[in-house]
Amino acid sequence: MTDWKATAAKYQDQYLADLKQLVAIDSSRDVENQTDEFPLGPGPAKALDQFLDFGKRDGFTTKNIDNVVGYIEYGTGDDYFAILGHADTVPAGNGWDTNPFELLIQNGQAIGRGTSDDKGPALAAYYGLRILKDLGIEPKLKIRLIIGTDEETNWTGMNRYFETEPAPTAGFSPDAEFPLINGEKGNVTFETHFTGDSAISEQQLLSFKAGLKENMVPRDAEAFVTMEDPDEVMKDFDAFIENAPVSGVASIIGKQIHFEVVGKAAHGMEPRNGINAGTYLAMFLKQLPLDQPGTNFIRFITNNLHDDSRARQLGLQFTDEVMGDLTMNVGLMDYDAETGGVVNTNFRYPKGITPAEIQAHLEKAATPYQATVTQTNNMEPHFVPADDQLVTDLMNVYKEQTGETNAQPEVVGGGTFARLMEHGVAFGALFPSATDTMHQANEFQPVADLMLAMSIYAQAIFTVTK
């Protein structure tokens with residue numbers, strides 16, 4: 001019988017050397033530098049190539065599809081089992097104590113952008129596959145490790161894969177949590193658009209900006225305003241910051257005041273884990289006598305969205321007994337006095353409520369502020385029963401390797417590639433006792449956890465394809 005943990009331990013140095021190469025690549029979506037050759041920018045394509053180069057080096061069959069998705073294959077046959085990971089990351093953002101693109105091993109932690117989401121886990125799954133190959137274990141079902149490059153935004157790569165390649169019989173995504181995710185809430189995003197006004201006012205919101213991605217709680221926010229008495233406003237801002245869970249500074253530049261606020265970033269699937277710098281800045285600005293377009297933008301945020309991850313102020317509080325709460329993340333806020341603004345809200349919704357219902361409530365809230373609402377994307381809820389053979393097989397491996405015999409599968413608000421498979425689940429690699437730093441500054445994952453994940457993945461792949 002294979003000692004999976006002891007076998008995985010032999011690969012630690014090689015694994016960390018490979019992870020170092022992946023972390024060194026800034027693979028966030030880069031449409032400003034996209035080309036026909038690199039539709040998502042050069043960074044995501046480079047990270048994909050790095051994954052595929054590992055596969056070529058180790059003797060696997062590989063394929064790159066249009067520089068947006070690729071796979072590493074082991075075994076033969078028409079049907080196959082899929083492992084769906086991604087090489088892209090969210091932008092590094094501010095607040096790091098180290099270089100986000102230089103892997104640092106410190107106090108047992110692997111620190112760097114992508115170590116937890118999803119370069120570290122996807123690479124652990126790759127090494128699980130490599131272990132089988134190195135042991136000479138021939139699977140009865142072909143295996144493909146498929147690497148996407150746009151998971152954090154529009155799923156361009158993985159959608160391309162499923163358009164051009166046959167679907168797998170089953171699979172898992174190493175892009176969430178252990179013990180196992182057998183249900184994922186629906187994921188829908190809306191943009192609320194506001195008009196601007198080219199007229200110049202002595203007291204005016206000139207600009208407002210917060211957030212990097214729709215699925216991140218904004219850590220940073222800034223705004224420029226003009227005020228008749230800027231000194232008094234500065235005093236009020238200092239008092240506001242003293243009593244708010246954010247930090248901030250303000251400065252006078254000519255007749256303008258520049259505000260900067262810092263909160264706490266977090267994954268948008270659970271906004272309670274973060275502090276939204278944008279909505280807090282709006283809470284201060286609502287006290288100022290701004291122009292009407294600026295007031296509309298700010299008051300929509302403060303009256304309907306601030307500090308309300310369950311969307312109660314919109315009348316959207318909803319809970320399903322299996323899939324849990326509807327949640328809302330206010331991920332992007334952008335305003336310009338001349339052109340107007342947009343507020344991006346991302347909802348993770350359970351069964352029992354629809355995107356149309358959510359939009360209706362948003363439109364009702366937006367109407368008093370002369371704003372309009374559009375839906376930008378949607379993914380329906382996904383669920384695989386707990387007694388499904390795939391779920392029980394993977395859960396049994398997890399229980400055996402961790403000793404957590406009472407562990408149960410879970411439903412989450414996060415959206416993974418698992419939902420693209422009718423028979424797919426998310427499986428690791430964040431352990432229940434670990435700190436979740438996905439989408440945050442100083443992202444890390446314990447090296448010991450990544451090695452245990454590698455061991456679990458090796459046994460899991462062996463179990464489901466034997």
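The values are calculated or read from the model by the stated rules, or taken from the named source; none is laboratory data. Keep in mind that this is a model prediction, so the values were computed, not measured. Every residue, glycine as well, gets a Cβ built from its backbone with ideal geometry; the counts of neighbours run over all protein chains shown.
Residue 125 passes every criterion in (1) assigned to a strand (DSSP E or B); (2) of a type outside the set (D, E, K, R); (3) under 29 Å from residue 31 (Cα atoms) apart from (1).
If we scan segment 89-101, do we find a residue that is modelled with pLDDT of 95 or more, surrounded by 19 or more Cβ atoms within 10 Å (Cβ to Cβ), assigned by TED's automatic domain parsing to the domain that holds residue 131 and touching a helix residue (DSSP H, G or I) at 6+ places or on another chain (Cβ under 6 Å)? No: segment 89-101 contains no residue that is modelled with pLDDT of 95 or more, surrounded by 19 or more Cβ atoms within 10 Å (Cβ to Cβ), assigned by TED's automatic domain parsing to the domain that holds residue 131 and touching a helix residue (DSSP H, G or I) at 6+ places or on another chain (Cβ under 6 Å). When you check residue 137 against the structure, is it surrounded by fewer than 21 Cβ atoms within 10 Å (Cβ to Cβ), in the same structural domain as residue 424 (by TED's automatic domain parsing) and in a loop (DSSP other than H, G, I, E, B), yes or no? Considered against the rule, which asks whether it is surrounded by fewer than 21 Cβ atoms within 10 Å (Cβ to Cβ), in the same structural domain as residue 424 (by TED's automatic domain parsing) and in a loop (DSSP other than H, G, I, E, B), residue 137 comes out as yes.
When we screen 131, 147 for residues that are modelled with pLDDT of 95 or more and either farther than 14 Å from residue 89 by Cβ or not assigned by TED's automatic domain parsing to the domain that holds residue 28 (or both), the only hit is 131.
Here residue 117 clears all of (1) under 17 Å from the mean Cα position of the chain (by Cα); (2) of a type in the set (D, E, K, R); (3) in a helix (DSSP H, G or I) except the condition numbered (3). A single entry from 435, 405, 392 fulfils the requirement of being assigned to a helix (DSSP H, G or I) and surrounded by fewer than 16 Cβ atoms within 10 Å (Cβ to Cβ): 392.
Taken over segment 205-224, the criterion of being surrounded by fewer than 23 Cβ atoms within 10 Å (Cβ to Cβ) and modelled with pLDDT of 95 or more is satisfied by 206, 207, 209, 220, 222, 224. Among the residues of segment 408-423, those that are part of a helix (DSSP H, G or I) and closer than 20 Å to residue 453 by Cα comprise 417, 418. Is it the case that some residue within segment 360-368 is small (Gly, Ala, Ser) and part of a strand (DSSP E or B)? No, segment 360-368 contains no residue that is small (Gly, Ala, Ser) and part of a strand (DSSP E or B). Filtering 240, 208 for residues that are part of a strand (DSSP E or B) and either in contact with a strand residue (DSSP E or B) (Cβ under 6 Å, 6 or more places away or on another chain) or in the same structural domain as residue 308 (by TED's automatic domain parsing) (or both) leaves a single hit, 208.
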